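Here is the structure we will look at.
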């Protein structure tokens with residue numbers, strides 16, 4: 001179910017159109033009340049979404065599948081925080097990608113590398129897309145407490161050399177780094193100030209990504225009915241026919 005973002009009453013000739021805008025790429029749902037007074041110009045009611053991730057102009061750069069999973073990589077015209085990226089992923093019925101094996105990591109990276117999609121990389125090839133890896137609060141720095149957003153433990157990792165390093169003293173999320181299938185840690189900033197702390201700097205933090213990878217929910221298609229179940233059904237059908245003949249004779 002798409003999340004409701006806002007309601008609008010928009011004038012069109014003598015009637016008004018109530019439009020529900022949603023936080024996905026789905027078309028707007030339009031209702032046309034016939035008896036709204038024509039002197040109303042517009043009514044907008046915001047339901048708590050504010051300037052959330054749906055307001056950000058994200059572009060889907062590529063999509064792909066691996067081992068039954070579906071993914072898409074998105075870019076942003078400006079730096080974004082890991083939380084902003086994840087909020088958008090959740091709003092489109094997905095989440096930031098959880099890379100459980102070396103094979104999955106290599107497959108995903110091959111679909112987003114710089115030579116194919118340079119728009120997914122910041123500062124040349126330094127900062128690639130965010131992934132769904134975050135460090136739990138209070139964990140021993142820099143290597144303990146890392147966990148995927150799908151709630152699985154980090155049983156496999158592929159950090160870049162000397163990463164994670166907790167470079168800002170607050171690094172707690174991960175992205176692809178230096179155009180290889182390796183990760184680095186960075187601070188999940190609450191603002192875009194450099195270096196994402198309380199120094200009130202107005203300089204944009206150069207260490208933030210401008211892209212992220214979404215892994216979508218997998219819907220499993222039911223398989224065919226078991227053979228034994230079909231045989232049992234045929235047996236019951238024969239019994240019913242026998243009973244029908246018995247009571248009609």
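The values are calculated or read from the model by the stated rules, or taken from the named source; none is laboratory data. Since we're looking at a predicted model, the values are computed, not measured. Because the Cβ atoms are built from the backbone with ideal geometry, glycine has one as well, and the counts that use them run over all protein chains shown.
The lone criterion from (1) modelled with pLDDT of 95 or more; (2) part of a helix (DSSP H, G or I) left unmet by residue 95 is number (2).
For the stretch 136-171, which residues satisfy the criterion of being outside any loop (DSSP other than H, G, I, E, B) and buried (at least 16 other Cβ atoms within 10 Å of the Cβ)?
Scanning the stretch 136-171 gives 146, 147, 148, 159.
This table checks each residue for (1) in a helix (DSSP H, G or I); (2) surrounded by 17 or more Cβ atoms within 10 Å (Cβ to Cβ); (3) outside the structural domain of residue 189 (by TED's automatic domain parsing).
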{"position": "62", "(1), (2), (3)": "no, no, no"}
{"position": "70", "(1), (2), (3)": "no, no, no"}
{"position": "80", "(1), (2), (3)": "no, yes, no"}
{"position": "83", "(1), (2), (3)": "yes, no, no"}
{"position": "103", "(1), (2), (3)": "yes, no, no"}
{"position": "109", "(1), (2), (3)": "yes, yes, no"}
{"position": "124", "(1), (2), (3)": "no, no, no"}
{"position": "134", "(1), (2), (3)": "no, yes, no"}
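Restricting attention to the stretch 111-122, the residues being touching a helix residue (DSSP H, G or I) at 6+ places or on another chain (Cβ under 7 Å) and either surrounded by fewer than 17 Cβ atoms within 10 Å (Cβ to Cβ) or closer than 13 Å to residue 180 by Cβ (or both) number 1.
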